[in-house]
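Data first, discussion second: the structure below is written as structure tokens.
The values are calculated or read from the model by the stated rules, or taken from the named source; none is laboratory data. Please read these numbers as outputs of a predicted model, since none were measured by experiment. Counting neighbours? That spans all protein chains shown, and the Cβs are built from the backbone with ideal geometry, glycine included.
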Amino acid sequence: MDGQDDTVSLEALLQMWDGEEVILRRDQPTGATIIIAVHSTRLGGSAGGGTRMKTYPSIADAVRDAQRLAEGMTYKFAAAGLARGGGKAVIAIPPDLDEEARDDLLRRYGALIRQLGGIYSTGPDVGTSSRDMDIIAETGGPYVFGRTQDHGGVGDSGPATAAGVLAGIQATCAHLFGSDALTGRRVVVQGVGKVGFPLLRLLREESAELVCSDVDAAGTERARTELGCEVVAPDAVYDAACDIFSPCALGAILNDETIPRLRCRAVAGSANNQLATPADAERLRGRNILYAPDFVVNSGGAIYLLGRELLGWTEEEALERIVLSVRTTLAQVFALAEAEGITTNVAAERLARQRIAEGATAAGGE
Ligand code: PPY
């Protein structure tokens, strides 16, 4: 769950949301529920965002997650200067889904995406891979980003996201310490998955001191043996003294329980929706911890997929643009937050909304 309030009904969630639409389909053969949330298409194009696949306590929780993630995508594209709307899909699956049933479900999901005719384009997220995108594209093409290279896509966007997170950590250090050098800086990475592992590798090249944690011991073991990374237990990650805490797993990990425990100078990581509530941005500020907003820090994956698969950028060009975009946007966010006395999260959202307004005007909107 991503910090949603369990007491909110499905009806209330649909009523309260400021997004454009929520599409819900029950997949009878598996008992899964597909939810596609389209937050905004004001910047034009098909609303983009990955597909999250996991088990949820309730359908309301799944809808809430899709809505929050879709909103994050709107801000992410706007902050990165990409003319794309924000969307996200959640497939709430039963815990015992077997592989064959899962593949069939993905094909039916692809057919739904195609039926929507471009309202929404998908890609990988937590619980889905490039291989899954190949399967979805059998029925859902051309609205699928991030297929494997064998199937005409650019494959895993994790390393590109990690390159953006590294740039985000460097920009954060530049703001805090007056230098972006990471030599000897202690960085705690929560989650050693699609982004966390390549990030640790990049941090090591910059001579940072590495600490990691994951609920999956195989990932941390690999980080320990291959990269010499110190490993801490999943719950101890919030108590580890460091310069930068980098959440690269699930959302809502910055909350009233964890923030008082943090012993870092800044938070900069790839997980979507890191703040459980907007008040948690204030909580971080109260503790003098600089928060690098998630949708800026993790925009590398989206920039990479769109740049490479839609805009024809080369690998080098995409990586250069990711680094430049994350660094300049974060510097603007930090400057705006200081000038206005607001949290960095509010500053980043303000910047994104401003870009949406300008973009909509440029595109002939209001
Ligand atoms: C994300 O950055 O969280 C994404 O979902 C990436 C993405 C971007 C565009 C289409 C599909 C997925």
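List of remarks:
- Count of residues meeting criterion [away from the ligand (no atom under 11 Å from the Cβ) and touching a Lys or Arg at 6+ places or on another chain (Cβ under 9 Å)] in the range 297-316: 3
- In the range 89-104, of all residues being more than 24 Å from the chain's Cα centre (by Cα) and not charged (D, E, K, R), the one that is farthest from Ala60 (Cα to Cα) corresponds to Ala101.
- Which listed residue is within 14 Å of the ligand (Cβ to nearest atom), more than 12 Å from the chain's Cα centre (by Cα) and surrounded by fewer than 24 Cβ atoms within 10 Å (Cβ to Cβ), from Ala79, Ala83: Ala83
- Pairing each residue of the range 71-91 that is charged (D, E, K, R) and assigned to a loop (DSSP other than H, G, I, E, B) with any residue that is modelled with pLDDT under 95 and more than 9 Å from the ligand (Cβ to nearest atom), provided the two are 6+ apart or on different chains, yields C-beta distances under 6 Å for Arg84/Leu43; Arg84/Gly45.
- Residue list for the range 127-141, restricted to those being out of contact with any Asp or Glu (no Cβ under 6 Å at 6 or more places or on another chain) and either modelled with pLDDT of 95 or more or surrounded by 24 or more Cβ atoms within 10 Å (Cβ to Cβ) (or both): Gly127, Thr128, Ser129, Arg131, Asp132, Met133, Asp134, Ile136, Ala137, Glu138, Thr139, Gly140
- Hey, Asp256 in a loop (DSSP other than H, G, I, E, B) and acidic (Asp, Glu) or not: yes
- Lone qualifier among Leu106, Leu13 - being within 16 Å of the ligand (Cβ to nearest atom), in a helix (DSSP H, G or I) and either free of Cβ contacts under 8 Å to residues at least 12 places away in the same chain or touching a helix residue (DSSP H, G or I) at 6+ places or on another chain (Cβ under 8 Å) (or both): Leu106
- Considering residues of the range 275-296 that are assigned to a helix (DSSP H, G or I) and within 17 Å of Arg68 (Cβ to Cβ) only, the residue farthest from the ligand (Cβ to nearest atom): Ala279
- Qualifying residue in the range 52-60 (condition: at pLDDT 95 or above, within 11 Å of the ligand (Cβ to nearest atom), closer than 25 Å to Gly359 by Cβ and not acidic (Asp, Glu)): no
- Among residues of the range 181-221, those that are assigned to a loop (DSSP other than H, G, I, E, B), aliphatic (A, V, I, L, M) and more than 14 Å from Ala268 (Cα to Cα), counted: 4
- Condition broken by Phe334, with the remaining ones in (1) more than 21 Å from Lys194 (Cβ to Cβ); (2) of a type in the set (Phe, Trp, Tyr); (3) not in a helix (DSSP H, G or I) satisfied: (3)
- Residues located in the range 24-51, provided they are farther than 24 Å from Gly307 by Cβ, touching a residue at least 60 places away in the same chain (Cβ under 8 Å) and not β-branched (Val, Ile, Thr): Arg25, Asp27, Pro29, Gly31, Ala32
- Here Ala271 fulfils each of the conditions (1) in contact with a strand residue (DSSP E or B) (Cβ under 6 Å, 6 or more places away or on another chain); (2) more than 20 Å from Ser246 (Cα to Cα); (3) of a type outside the set (Lys, Arg) apart from (2).
- Boolean, Glu320 is within 16 Å of the ligand (Cβ to nearest atom) and among the acidic types (Asp, Glu): no
- If the condition is being away from the ligand (no atom under 13 Å from the Cβ) and assigned to a helix (DSSP H, G or I), then the range 111-138 contributes Ala111, Leu112, Arg114, Gln115, Leu116, Arg131, Asp134, Ile135, Glu138.
- Looking only at the range 291-332, residues that are within 18 Å of the chain's Cα centre (by Cα) and farther than 21 Å from Pro159 by Cβ come to 2 in all.
- Test: residue in the range 222-230 that is of a type in the set (A, V, I, L, M) and part of a strand (DSSP E or B): no
- For the range 142-165, the criterion of a residue being in contact with an Asp or Glu (Cβ under 9 Å, 6 or more places away or on another chain), more than 14 Å from the ligand (Cβ to nearest atom), farther than 18 Å from Arg321 by Cα and of a type in the set (Phe, Trp, Tyr) is satisfied by no position.
- Residue match in the range 93-108 (condition: small (Gly, Ala, Ser) and surrounded by 21 or more Cβ atoms within 10 Å (Cβ to Cβ)): no
- In summary, Cys248 fulfils each of the numbered conditions (1) closer than 22 Å to Lys54 by Cβ; (2) loosely packed, with under 15 Cβ neighbours inside 10 Å with the single exception of condition (2).
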